[in-house]
1. Mind listing whichever residues of the range 261-281 are farther than 16 Å from residue 234 by Cα and within 52 Å of the chain's Cα centre (by Cα)?
2. Looking at the range 282-296, which of its residues are in a loop (DSSP other than H, G, I, E, B) and over 51 Å from the mean Cα position of the chain (by Cα)?
3. Inside the range 67-78, can you point out the residues that are exposed (fewer than 15 other Cβ atoms within 10 Å of the Cβ) and either in contact (Cβ under 8 Å) with a residue 40 or more places away in the chain or under 24 Å from residue 118 (Cα atoms) (or both)?
4. Please tell me if residue 256 is exposed (fewer than 14 other Cβ atoms within 10 Å of the Cβ), within 20 Å of residue 202 (Cα to Cα) and free of Cβ contacts under 8 Å to residues at least 60 places away in the same chain.
5. Could you list, in sequence order, the residues of the range 57-73 that are part of a loop (DSSP other than H, G, I, E, B) and closer than 18 Å to residue 127 by Cα?
6. Just name the residue that is nearest to residue 109 (Cα to Cα) out of those in the range 25-48 that are exposed (fewer than 14 other Cβ atoms within 10 Å of the Cβ) and free of Cβ contacts under 8 Å to residues at least 40 places away in the same chain.
7. Looking only at the range 12-56, which residues are at pLDDT 90 or above and outside any strand (DSSP E or B)?
8. Out of the residues in the range 244-260 that are in a loop (DSSP other than H, G, I, E, B) and more than 29 Å from residue 222 (Cβ to Cβ), which is nearest to the chain's Cα centre (by Cα)?
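The values are calculated or read from the model by the stated rules, or taken from the named source; none is laboratory data. Note that the coordinates shown come from a computational prediction; the quantities given were computed from them, not determined experimentally. Please note: Cβ atoms are built from the backbone with ideal geometry, for glycine as well, and neighbour counts cover all protein chains shown.
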């Protein structure tokens with residue numbers, strides 16, 4: 001039993017030795033001397049059996065302290081045969097600190113039967129990083145130059161300012177539309193409104209209509225709104241024919257302002273204000289005046305007509321003329 005055990009162990013050792021002899025590992029720098037900030041390559045090569053699962057050393061940010069990894073290049077296959085394969089893994093490295101650096105040995109690992117094993121180490125590498133010597137007798141130290149500003153392309157300008165560009169376009173479009181509307185309104189021929197005068201004097205018609213309204217007894221029969229609608233139409237029609245204005249189309253405030261400008265008489269203006277205001281409240285606000293207000297309203301219309309009728313004005317002018325002659 002003992003002899004067989006040693007024979008088996010011998011074969012295993014010989015197999016491992018043979019396997020190890022088929023693996024070749026090396027590391028090499030493209031150059032061993034750099035100026036500070038320059039770059040070079042650190043190359044790892046391995047020649048191994050095709051079926052052997054061997055991992056390269058892995059670096060993230062640095063190789064060692066002060067030697068930084070700029071980029072990990074893709075894995076290259078240098079050669080391949082039926083039994084062996086030769087691979088190369090390179091890292092671009094740099095340093096920003098001058099000095100002499102020793103890049104140590106790095107381990108290559110093998111996974112065999114789920115066991116991680118170190119099979120070989122790379123050789124040491126030496127790197128010297130030099131600073132750039134400046135002859136201050138010939139070259140004066142100058143300030144750091146400002147970054148070069150590249151011209152802004154049209155596409156870049158639009159991309160950076162598209163929000164403002166859209167806003168300006170919308171504002172211009174709105175201004176153009178408003179301008180066109182105003183211009184169109186100005187170019188429209190204003191219709192000439194001709195107020196057709198009745199054959200009878202305006203006050204005669206108004207007084208007759210007021211008498212008819214009184215005889216209808218509308219508010220006495222709970223037709224208050226209809227009463228004030230007709231009363232408002234009578235006074236507005238009278239103002240339209242008497243003063244030749246479109247009183248039927250104007251608001252109460254516009255009519256009051258117009259009459260105040262024509263005749264500043266307080267009694268006239270107060271009578272007109274009362275009837276127009278109360279009519280609006282009944283028609284639009286559903287107000288319900290007292291019975292004495294109904295009678296007071298129609299009396300104010302009679303008063304307004306009698307104080308503004310043409311005969312009254314002409315008589316007043318004749319009286320004024322007689323007083324001047326005397």
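1. 261, 281
2. 288, 289, 290, listed by residue number.
3. The answer is 72, 73, 74, 75, 76, 77, 78.
4. On the way: exposed (fewer than 14 other Cβ atoms within 10 Å of the Cβ): no; within 20 Å of residue 202 (Cα to Cα): yes; free of Cβ contacts under 8 Å to residues at least 60 places away in the same chain: yes.
For residue 256, the condition - exposed (fewer than 14 other Cβ atoms within 10 Å of the Cβ), within 20 Å of residue 202 (Cα to Cα) and free of Cβ contacts under 8 Å to residues at least 60 places away in the same chain - is not met.
5. So in the range 57-73, the residues part of a loop (DSSP other than H, G, I, E, B) come out as 57-61, 65-66, 73.
Those that are part of a loop (DSSP other than H, G, I, E, B) and closer than 18 Å to residue 127 by Cα: 59, 61, 65, 66.
6. Only one residue tops the list, namely 30.
7. Within the range 12-56, 30, 31, 32, 36, 38 meet the criteria.
8. Checking each candidate, the answer is 250.
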